Ligand code: ACO
C-alpha cells in the first residue's frame, strides 16, 4: 500500500508494525480538527492494509496528547456553520470510540508524556496501553469551568470504578502512570528507559499471532462488552464458525495434535 501523507500525524511502517505519531509537539499534540480528520483517514486506510498487523499510537516530543485543542476544537468551532462543527465532532468521536475498537489489528497506546481530557478516550479505546512512569494524566476540564465532555464521561464510567474516576473528574488533580495503572486506566507503567523495549516486546508477541485470531479476540471482547449475555453468546458462536471457515479447518489444534508445539507456551505456525 502506498504511504499516504498527513499534516498532523506521522505514519511509519516496519515489518508488520505501523506506528502512528501525533505530530504537533509545539501544541503538546492537542487534537485539532485536522488531527481528527487525519486520524479518521489513516485508521480507515490501515484497516485494509495487509502489511499492518499491529498498530502503535504515540506522541512526538514530551507529550502523548494534551486532549482536544482548546482553541481550534472549541473556540474556533463556535463560529463555524453547524455542518462543519458536526462533521468535526463526528470524526473526533468515531476514530477514538469506534474505529480503533473495530479495527482487526490490535492497537497499543505508547504513552510517552502528558495525557489530558479527551486523550483518555484514546487510551481507553486502545486494546493495550503502556505508559512511561513519569507520564502525567489528568481530567483537567473542571479546571477551566467544564466537565469531561463528548464521550469521556461515558467511557470512564464504563471502565474505571466511580470512586477513582469521579475523584479525578471533580478535583482535576493529575495522576501518575502508576496510579493510572492501579485504577485500570492503563495496562502497565514502566520506567521511561524501558518504554520502547516493553512496547516492542508486546508488539512482537502480537506479530507472532495469527491475525484471524487477533481479530476474533477483539470482536468477541468488544461485542460482549456492549451486548446482553444472550447476544454475546450468539456472536461468539458466529465468530467461532467464521474462524473455522477462514482457516479451512482448525490448523492450530491440528498442529497441537501432531505434537508440533505447545499452545500453553506460544503461538502455532500460521501461514503469512
Ligand atoms: N489545546 C490547545 N493548545 C494547547 C493545549 C490544548 N489542549 N495544550 C497545550 N497547548 C498549547 C499551548 O497553548 C501552547 O501553545 P503556544 O506556544 O502557541 O502558546 C503550547 O501548547 C505549549 O503549552 P504549554 O502550556 O506552554 O506547555 P507545558 O509543557 O508548560 O504544559 C500542559 C503542558 C500541562 C499539557 C499544558 O499545556 C496544559 O495544561 N494544556 C491543557 C491540557 C488540557 O486541559 N487538556 C484538556 C483539553 S479539553 C478535552 O480534551 C475535552
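Every number in this text was worked out from the coordinates using simple rules, so none of it is lab data. As the structure is a prediction and not an experimental result, all values here were calculated from the model. Positions of Cβ are generated from backbone atoms using ideal geometry, with glycine treated the same way; all protein chains shown enter the neighbour counts.
Among rounded, prolate and oblate, which fits the chain when a ≥ b ≥ c are the square roots of the eigenvalues of its C-alpha gyration tensor, a/c under 1.5 means rounded, and a/b larger than b/c means prolate? Because a/c hits 1.5 or more and a/b exceeds b/c, the chain counts as prolate. For region 14-62, the relative contact order comes to 68 percent (Cα pairs under 8 Å, sequence separation of at least 6). Modelled label positions at residue 217 and residue 197, each set 7 Å beyond Cα in the direction of Cβ, lie 2.3 nm from each other.
Taking the DSSP beta bridges with both ends in the chain, the antiparallel portion is around 30 percent.
For the chain, adding -39500 (n - 2.57) for each run of n ≥ 4 DSSP H residues and dividing by the number of residues yields -12500 deg cm²/dmol at 222 nm. Extents of region 154-272, largest first, come to 57, 42, 21 Å (Cα atoms, principal axes, whole angstrom).
Mean sequence separation of contacting Cα pairs (under 8 Å, at least six apart), scaled by the length of the chain, corresponds to a relative contact order of 15 percent.
At what distance in angstrom do the alpha carbon centres of region 15-74 and region 123-137 lie from each other? That distance is 14 Å. Among 75, 39, 91, the order by Cβ neighbours within 10 angstrom, fewest to most, reads 75, 91, 39.
Each Cα pair under 8 Å and six or more residues apart adds its separation to the average, and for region 128-176 the resulting relative contact order is 58 percent. Subtracting the Cα-Cα distance of residue 34 and residue 204 from their residue separation scaled by 0.36 nm leaves 58.1 nm. Peptides 4-12, 173-181 ranked from most to least packed by the mean count of surrounding Cβ atoms within 10 Å: 173-181, 4-12.
Take the Cα of residue 98, step 7 Å along the line toward its Cβ, and report every residue of region 116-142 whose backbone nitrogen sits under 20 Å from that point. Zone members listed by number: 118-127. For the listed peptides 205-215, 17-27, 106-116, a ranking on the average number of other beta carbons within 10 Å per residue, highest first, reads 106-116, 17-27, 205-215. Shown for 227, 79, 140: other C-beta atoms within 10 Å of each C-beta, ranked fewest to most, produce the order 79, 227, 140. With R₀ set to 45 Å, the beta-carbon distance separating residue 79 from residue 49 gives a calculated FRET efficiency near 0.75. P(r) tail for region 170-211: Cα pairs beyond 16 Å make up 53% of the total. Projection of the Cα convex hull of region 87-217, averaged over all directions and equal to a quarter of that hull's surface, yields 8.3 nm².
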